[in-house]
Amino acid sequence: MATLSTEQQATARQWIAEGMKISDFQRRLETDFALKLTYMEARFLIDDLKVIPKDPEPPAPPVAPAVPAASAPPAGTIEPDEVVPPEGNLGGGDVQVTVDAVTRPNAMVSGRVRFSDGKGAAWLIDMQGRPGLVADEKGYRPSQPDLMAFQVSLERELAKLGY
């Protein structure tokens, strides 16, 4: 052990017990006791003193501001993070998703989707995990509610298959 008197050892133990970081402990040994140690030597000294450094206190989570009752959303309103299954329709009508038995080339998984307006598209997730959608009709763009319903249906189908 580094040459510390019994009194210095008690002081050093107290510093560590109070939660002092090792780098601060190192500096304090040098300034208070004129003992210059490397980081590793300071670790060994702490071990020799039979003191266990405290883990730092985790930062307190931010407190969410209170929401006044007048601004609370009306019952039945969809919150932004809330997921509504396709049965809830999301205004997207009937969206049907299937997964191909034989995956398309250059894809991890692929399949077909039929949107509420009856138009179809092929979908895939490529080897980098990027999604792709190729409509049967050139220039076709499904509605936003249909896309949301497609996403939920796709997640459900892929979960059934263990993806």
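The values are calculated or read from the model by the stated rules, or taken from the named source; none is laboratory data. Keep in mind the model is a prediction, meaning the values are calculated, not measured. Cβ sites come from the backbone with ideal geometry, for glycine too, and all protein chains shown count toward neighbours.
At-a-glance table
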{"read-out": "Count of residues meeting criterion [in a loop (DSSP other than H, G, I, E, B) and either of a type outside the set (Gly, Ala, Ser) or surrounded by 16 or more Cβ atoms within 10 Å (Cβ to Cβ) (or both)] in the stretch 4-28", "value": "4"}
{"read-out": "Residue count, the stretch 134-160 (criterion: more than 12 Å from VAL95 (Cβ to Cβ) and not in a helix (DSSP H, G or I))", "value": "8"}
{"read-out": "Subset of the stretch 29-50 (residues that are within 39 Å of the chain's Cα centre (by Cα), of a type outside the set (Val, Ile, Thr), farther than 11 Å from GLN8 by Cβ and in a helix (DSSP H, G or I))", "value": "TYR39, MET40, GLU41, ALA42, ARG43, PHE44, ASP47"}
{"read-out": "Selection count, the stretch 139-163, where residues are closer than 21 Å to ALA107 by Cβ and either small (Gly, Ala, Ser) or out of contact with any helix residue (DSSP H, G or I) (no Cβ under 6 Å at 6 or more places or on another chain) (or both)", "value": "16"}
{"read-out": "Residue within the stretch 83-103 that is at pLDDT below 70 and touching a Lys or Arg at 6+ places or on another chain (Cβ under 9 Å) present", "value": "yes"}
